[in-house]
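Here is the structure we will look at, set down as structure tokens.
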Amino acid sequence: MLKLVGVETFYGKLKVLHGISFEVEKGTIVSIIGANGAGKSTLLNTISAITPADYGEIFFENQRIDHLDPDQIVKRGISQVPQGRRVFPELTVRENLMMGAFTRKARPDKEQNFEWILNIFPILKARLNQKGKHLSGGEQQMLAIGRALMAGPRLLLLDEPSMGLAPLVTREIFEVIKQINAKGTSVLLVEQNARQALKIAEYAYVLMLGNIDMHGLPETLLRDEEIRESYLGEGKYTNRKKLWEGKASIRR
């Protein structure tokens with residue numbers, strides 16, 4: 001469904017992504033884990049054309065999209081939930097959600113999608129007339145996801161959905177991600193919470209310093225000593241030094 005081939009992205013003269021290649025199969029949840037500064041958000045922003053790729057190719061449903069503008073990416077069927085939620089603070093919950101249905105393709109299903117989102121996020125139904133700035137962090141995250149879903153995406157990009165949330169709210173968000181996927185939307189999840197990300201994914205990649213360093217089935221990665229030590233806080237070492245300095249055992 002989504003395919004990146006040799007993608008490189010720069011901020012000025014600084015190269016952030018180094019020849020990234022990976023795929024997302026239709027109907028799956030794919031997770032990308034990695035430390036702060038690994039390039040995870042840049043990767044999603046590159047797919048969404050917010051930070052365009054300088055080299056390489058990006059294909060969505062067998063059509064090249066790396067030359068498109070962000071609004072055209074959304075119209076093709078890709079929606080992103082940005083890191084930090086970024087809801088419209090002065091708009092109500094209802095208005096925030098309706099902002100997600102701006103494309104011509106989304107309009108016919110606007111009311112149906114609206115009701116479905118309120119069904120999976122019932123707290124938003126009770127907050128419809130409240131401004132976005134008055135919601136809790138968890139409620140804002142639900143609103144950001146709901147806004148992205150209003151566009152009717154076939155692929156949903158999620159950037160650190162658990163950031164700053166209480167464990168109970170995090171579990172709720174991840175349960176909803178599974179519901180979204182079960183309804184037919186493919187998901188590319190960028191997440192620091194490696195345990196949760198690997199728990200719901202069907203395939204996973206480890207991003208390190210702008211490179212795909214490891215990849216495989218989640219159960220395989222969860223058994224890898226370096227992953228357990230560096231991202232799950234288990235094993236003899238509980239810091240990232242070994243992963244950053246060592247050689248990964250699962251390679252491209």
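Laboratory data are not the source of any read-out in this text; all were calculated from the coordinates shown. Just so it is clear, the model here is predicted, and its values are computed rather than measured. Note that we place each Cβ from the backbone using ideal geometry, even for glycine, and neighbour counts take in every protein chain shown.
Which order do the peptides 157-165, 195-203 come out in when sorted by mean C-beta neighbours inside 10 angstrom, highest first? Show your work: numbers first, answer last.
Details: 157-165: 21.1, 195-203: 19.2.
Top of the packing list down: 157-165, 195-203.
Under 5 Å from the amide H of ILE32 lie the amide H atoms of LEU189, VAL190, GLU191, TYR205, each residue being 5 or more positions distant or on a separate chain, with H modelled from the backbone and absent for Pro and chain starts.
Report the calculated FRET efficiency for SER21 and LEU168 (r = Cβ-Cβ distance, R0 = 35 Å), to the nearest 0.05.
Working: r = 37 Å, r/R0 = 1.06.
Approximately 0.40, to the nearest 0.05.
Since only LEU143, PRO153, SER230 are under comparison, the one whose Cα sits farthest along the positive direction of the charge dipole of the chain, derived from C-beta charges on Lys, Arg, Asp and Glu, is LEU143. Using only helices, what value at 222 nm comes out for the chain when you add -39,500 (n - 2.57) per DSSP H run of length 4 or more and divide by the total residues, to the nearest 500 deg cm²/dmol? -10000 deg cm²/dmol, from helical runs alone.
The packing ranking, built from the mean of other Cβ atoms within 10 Å per residue, places the peptides 132-142, 108-118 in the order 132-142, 108-118, highest first. Here's the picture: a label point sits 7 Å out from the Cα of LEU91 along the beta-carbon direction, and within segment 43-75 the residues with their amide nitrogen under 15 Å of it are 71. Could you tell me which of LEU118, GLY164, LEU189 has its Cα farthest along the dipole of the chain towards the positive end, charges placed at Cβ (Lys, Arg +1; Asp, Glu -1), taken about the Cα centre? The listed residue farthest towards the positive side: LEU118. Of VAL87, VAL74, VAL176, the residue with the greatest mean-square motion in the GNM of the chain, using alpha carbon springs below 10 Å, is VAL176. The slack in the chain from GLU225 to ASP54, taken as 0.36 nm per residue of separation less the alpha-carbon distance, amounts to 58.1 nm.
Sorted on the mean count of surrounding Cβ atoms within 10 Å across their residues, most packed first, peptides 76-84, 5-13 read 76-84, 5-13.
Projecting label points 7 angstrom from Cα along Cα→Cβ for GLU202 and GLU8 puts them 3.3 nm apart.
Each of TYR11, HIS215, GLN179 was scored by the projection of its Cα onto the charge dipole of the chain, and the greatest displacement toward the positive side belongs to GLN179; charges sit on the C-beta of Lys, Arg, Asp and Glu.
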